[in-house]
1. Kindly indicate the residue of region 40-49 that is in contact (Cβ under 8 Å) with a residue 12 or more places away in the chain and in a helix (DSSP H, G or I) and also surrounded by the fewest Cβ atoms within 10 Å (Cβ to Cβ) among those meeting that condition.
2. Conditions: (1) loosely packed, with under 14 Cβ neighbours inside 10 Å; (2) at pLDDT 90 or above. Gly52 meets all but one. Number of the miss?
3. Can you give me the number of residues within region 15-33 that are surrounded by 12 or more Cβ atoms within 10 Å (Cβ to Cβ) and within 13 Å of the chain's Cα centre (by Cα)?
Amino acid sequence: MSPASSHAKTDETPRRHLHVRLADDRASIFDHVTEYLSEAGKAPDWYWRTAGRLEGEDDAENLEELLFSAFEAGASLAHDHPEELRFDWVTDEECEKQRQAEEKGSQREDNRKERTSLSHYA
């Protein structure tokens, strides 16, 4: 039985979808993407500059290249370092709870970073 079919909706079980996360919460996906781009002979600097300029810009060719490269980086990470990934099948309710928890955690981390950087100038 395929993994997808084992998570198919039945009358008793809620529908689930896949979340792929880094196993280490302190790890950075940006580092993994940069490492992949470097190893693949692509220019990480171009990638990140282009990604930073995409907001509000209608640049379909660059967007397509960024998405393909990110997808390739994810596939490379899953193939070469599967231990660094966590695969979670979640319900919509679990997904929403995770999103809210991540937002709260992100806000706390942003506040902590702001306090730390401000104390540097005090």
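The values are calculated or read from the model by the stated rules, or taken from the named source; none is laboratory data. Keep in mind the model is a prediction, meaning the values are calculated, not measured. Cβ placement follows ideal geometry from the backbone for every residue including glycine, while neighbour counts extend to all protein chains displayed.
1. If we filter region 40-49 for residues that are in contact (Cβ under 8 Å) with a residue 12 or more places away in the chain, which is where we start, we get 40, 42, 47-48.
Add one more test, that the residue is in a helix (DSSP H, G or I), and what stays is 47-48.
Numbers: Tyr47: 20, Trp48: 15.
Applying the filter and picking the extreme gives Trp48.
2. Here Gly52 meets the rest and fails (2).
3. Going residue by residue through region 15-33, those that are surrounded by 12 or more Cβ atoms within 10 Å (Cβ to Cβ) are 16-17, 19, 21-23, 27, 29, 32-33.
From what's left, within 13 Å of the chain's Cα centre (by Cα): 19, 21-23, 27, 29, 32-33.
Selection size over region 15-33: 8.
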